[in-house]
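**Q** I'd like to ask you about the structure that follows.
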Amino acid sequence: MNRIFAIALLTVRSAMRSRLFVCMVTTVLAVVALLPLIIKGDGSAEGYVLIALRYTLTTVTFLLAVATLWAACSTSAAEIEGKQIHLVVSKPVRHTHILIGKWLGLVTINACLLAISGITVCLLLRIALSRPGIDAADRQSIEQELLVARQAFSPEPEDIEQRARELLTTMHEKGEVTPDIPDEAALAMIADRLIVESNTVRPGSEKRWTIQIGELPRGQSMFVRFSFSSPRQLDIEPTAIVWKAGPPDDPGRFVRSESVFSDSPVSFTVPASAVAPDGSITVDFVNVQLDPPVSIVFDKSNGVTVLSRAGSFEGNLARSLIIILCKLSILAALGVVAGSLTS
């Protein structure tokens, strides 16, 4: 192991003396600091946060991936061409130790650059949110909805297949199925119809979901995120809806009335009191768009989701950077092996 760590240390020192390392550090810092200023969002604080996180991390990942692949492929070739590899091979060091050491050195460099990027992003976001021009309500919304790690809970899927089989059996008994249609085709058509009916809320009707989320910390609120489709001209006309959350027999259950546009995710806060003692939350949706009447269709996979706090923004960012580091480590391993085989 000492040999591997020694080769990794040599790789890191060699990279720090090269212009590539200095160039990458400068480029990464420039991307993190300047990209949110160059790309214009909607002008809101929320738009700035999304740009700072999404575009910045994507660009940094791309730059590090290209640099990692180039450095991993060229490190062995450069040492062989400069005769430096003979100083290492002359010692009792296996070829696999050299490869692992070089890979470990590249992973260490990427880890340092990602750490610099993550710390810089956190500092810039905190500085931007502390500016006096940002409204307190917007700042609180960003802290609760964006700069936080959240766990998603979805309703249990309905057993559409069993319902379709029961309905098909009933239709066979009544003679409502055409003999030339195979049961598989009839079952598929019935299932498709049941899925549409199950996720459609007609005018004046309501739909209920019961979602198991477990026990929440005292005083912690949740968010309900939803998205639906509607045939209405939603670019100019919203749809009137009502949400209810909490035990159905509770007279003080949470109620929210609003008009929203379809095909755009919307979320709202639900108090912790809406969770039942068994750790479940009952959510009712009422379609009150009666003039003109409009039917609302929810997506069967992500129509309604309950989100609860699962950790801090810093911890979530650290996990994201670790995932990026794992991907870069795979690229580094491929590059080191390819460079060794072709040198």
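Only the coordinates and a few stated rules stand behind these numbers; no lab work does. Quick caveat: nothing in here was measured; it's all calculated off a predicted structure.
**Q** From the phi of every residue in the stretch 149-157, what ³J(HN,Hα) in whole Hz does the Karplus formula 6.51 cos²θ - 1.76 cosθ + 1.60 yield, where θ is phi - 60° and glycine or proline is x?
**A** Per-residue couplings from phi come out as 8, 10, 9, 9, 10, 10, x, 5, x Hz.
**Q** Here's another thing I want to ask about it. Out of these labelled values of percent of Cα pairs over 40 Å apart, (1) 31; (2) 40; (3) 24, which was calculated from the coordinates shown here?
**A** Step by step, percent of Cα pairs over 40 Å apart for this structure corresponds to label (2).
**Q** If I fit a long axis through the Cα atoms of helix 183-198 and take the longest principal axis of the Cα atoms of the chain, what angle between them do I get, 0 to 90°, rounded to 10?
**A** Helix 183-198 sits at roughly 90 degrees to that axis.
**Q** Output wanted: per-residue J couplings in Hz (rounded whole) for the stretch 121-132, from phi through Karplus 6.51 cos²θ - 1.76 cosθ + 1.60, θ = phi - 60°, x for Gly and Pro.
**A** 4, 4, 5, 5, 5, 5, 5, 5, 6, 8, 5, x
**Q** Return the single residue from Ile324, Ile100, Ile281 with maximal mean-square fluctuation; model: Gaussian network over the chain, springs between Cα atoms under 10 Å.
**A** Ile100
**Q** Could you pull out every residue, at least 5 positions away or on a different chain, whose amide H is within less than 5 Å of the one on Val270? Hs are placed 1.01 Å off N in the peptide plane, and Pro or chain starts have none.
**A** Amide H neighbours of Val270, under 5 Å, 5+ apart: Met222, Phe223, Val224.
**Q** Which of rounded, prolate or oblate describes the stretch 271-327 when judged by the alpha-carbon gyration tensor and an a/c cut-off of 1.5? Please report the intermediate quantities before stating the final value.
**A** Numbers: a/c = 3.54, a/b = 1.80, b/c = 1.96.
Oblate, because a/c is 1.5 or more while a/b does not exceed b/c.
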